[in-house]
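Data block below; observations after.
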Amino acid sequence: MFEVAHYPEIIKKTIIGFGALFSNLQVIRRDTSGAEIEVVKVPIAYGPKEKFIRRIDEDPELTGNVYITLPRLAFEINGYQYDAQRMTNRNNKIQCKNTDGLKFTYTPVPYNLDISLYLLTKGTEDSLAILEQILPLFVPEYTLTVDAIPSMHVKVDVPIGLQGVTVQDDYEGDFNTRRLVTHTFNFIAKVTLFGQVHGNGVILHTETHLPEQGLQHNSDGDLSTGNVTLDEWTNIPANEIVGP
């Protein structure tokens, strides 16, 4: 079953595309008069929320030489679930012709990826500014296009749906204690996973012998154009005719 290694990187491409959706978010900060004083780009990285919270706890005042800035985004995969409702006939084939011949694979298997996106901010104002940039993007889904099997020119759409948002305000102690507001966005990405790609050679030459009539037919084809370049009947010499 597993004779040939197979890795089309569909999940990897989906996660990269997911992170790219949020890579250009910015927060505009204004003074009391409403004038713009600063534009902060929100960094994003793959990793669990606890990793970034621990970094903040170790240096709550962010005075170290190496520190983490807020606001920031983090995301991670939480699980995979088989989606039986999207499954079709497993024996259907997807075929493609190219210069290497005919390639085919079977119907992909649908899975749902549970993805969490975490928004960490120092206060409510920054979190709301980012929240209102994300929510309108999913109505209720945003669709990514993934180059699933480049060798077969197969591209698939991956709907990404926002399931809900939760918020946690970790403010404790007096006014000098740091405050951390965390929003968790729960997404489901509907991916389709393809199995191994199989290949068949293309017949470019045929010979047909009709010994009773003393005839032979030859034909050649050009794979690049799809045209028949040779189509002829010839007589078989008497000394080459083989009886039944």
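With respect to the conditions (1) within 25 Å of ILE134 (Cα to Cα); (2) surrounded by fewer than 18 Cβ atoms within 10 Å (Cβ to Cβ); (3) of a type in the set (Val, Ile, Thr); (4) at pLDDT below 90, ILE203 falls short on a single one, namely (1).
Of all residues in segment 116-164, which are under 30 Å from THR32 (Cα atoms) and not in a helix (DSSP H, G or I)?
Restricting attention to segment 116-164, the residues satisfying the condition of being under 30 Å from THR32 (Cα atoms) are 118-137.
Those that are under 30 Å from THR32 (Cα atoms) and not in a helix (DSSP H, G or I): TYR118, LEU119, LEU120, THR121, LYS122, GLY123.
Taking segment 1-49 as the range and being among the acidic types (Asp, Glu), more than 23 Å from ALA129 (Cα to Cα) and modelled with pLDDT under 90 as the test, only GLU3 passes.
Of the candidates THR145, THR208, the single residue that is at pLDDT 90 or above and in contact with a strand residue (DSSP E or B) (Cβ under 6 Å, 6 or more places away or on another chain) is THR145. Restricting the first member to segment 89-104 and to residues that are under 13 Å from VAL197 (Cα atoms), and the second to residues that are at pLDDT below 75 and part of a loop (DSSP other than H, G, I, E, B), the beta-carbon pairs closer than 7 Å and six or more apart or on different chains are GLY101/GLY201; GLY101/VAL202; LEU102/VAL202. The lone criterion from (1) surrounded by 13 or more Cβ atoms within 10 Å (Cβ to Cβ); (2) under 19 Å from the mean Cα position of the chain (by Cα) left unmet by THR124 is number (2).
The values are calculated or read from the model by the stated rules, or taken from the named source; none is laboratory data. Predicted model only: the values in this text are computed from it and were never measured. All Cβ positions, glycine included, derive from the backbone under ideal geometry; neighbour counts span all protein chains shown.
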